[in-house]
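Student: Structure provided below as structure tokens; questions to follow.
Taken together, the values in this text are just the output of simple stated rules run on the coordinates, not laboratory data. Computed from a predicted model, the values in this text were never measured in an experiment. Virtual Cβ from ideal backbone geometry, glycine too; neighbours counted across all protein chains shown.
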Amino acid sequence: MAVSLHFKLATPERLVMETEADSVSVPTQLGEITVLPNHAPLVANLEAGELVIRRGGREEQLAVAGGFVQVKSGNEVMILADSAERAEAIDVRRAEAARERAAKLQLEAKDDRQFADAAASLAKHLARLRVARRRHGTRHTAGTGITEG
């Protein structure tokens, strides 16, 4: 029998997912990592981006932002994210509107704190858009109004 990962993804509000997985690709502040069975233990800061869970030849994408990933011995992977959203739950129009608001707030920032908060929000909404558009098979160049599909 093949070895798998026991994967959990939680936000402050809820347990988003608990499943067995063949691999998990995670966006971290040091770059994307892919966790396979028997991976070395680690803890890393989560970056806004696309989380990919592979199992049984299928992939599931989620948009995540902020938090931590922990890989434990015994093939356990735990992600504590500030936010996590399945691709099918993302409304592209609402995500695009949120991206536009975040970009505007970044331009209007009066100090470093406001700028950093707006930049984090912008990164989160860009990740949501990437995940949603990948699910729908479209690409969009942010700010250009051009959608390819």
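Student: I'd like the full set of residues that are without any contact (Cβ under 8 Å) to a residue 12 or more places away in the chain and in contact with a strand residue (DSSP E or B) (Cβ under 7 Å, 6 or more places away or on another chain), limited to the range 34-57.
Tutor: Within the range 34-57, just Thr34 meets the criteria.
Student: Based on what the data block shows, is Ala109 touching a helix residue (DSSP H, G or I) at 6+ places or on another chain (Cβ under 7 Å) and either in a helix (DSSP H, G or I) or closer than 14 Å to Leu9 by Cα (or both)? Write out each step before concluding.
Tutor: Values: touching a helix residue (DSSP H, G or I) at 6+ places or on another chain (Cβ under 7 Å): yes; either in a helix (DSSP H, G or I) or closer than 14 Å to Leu9 by Cα (or both): no.
No: the conditions fail for Ala109.
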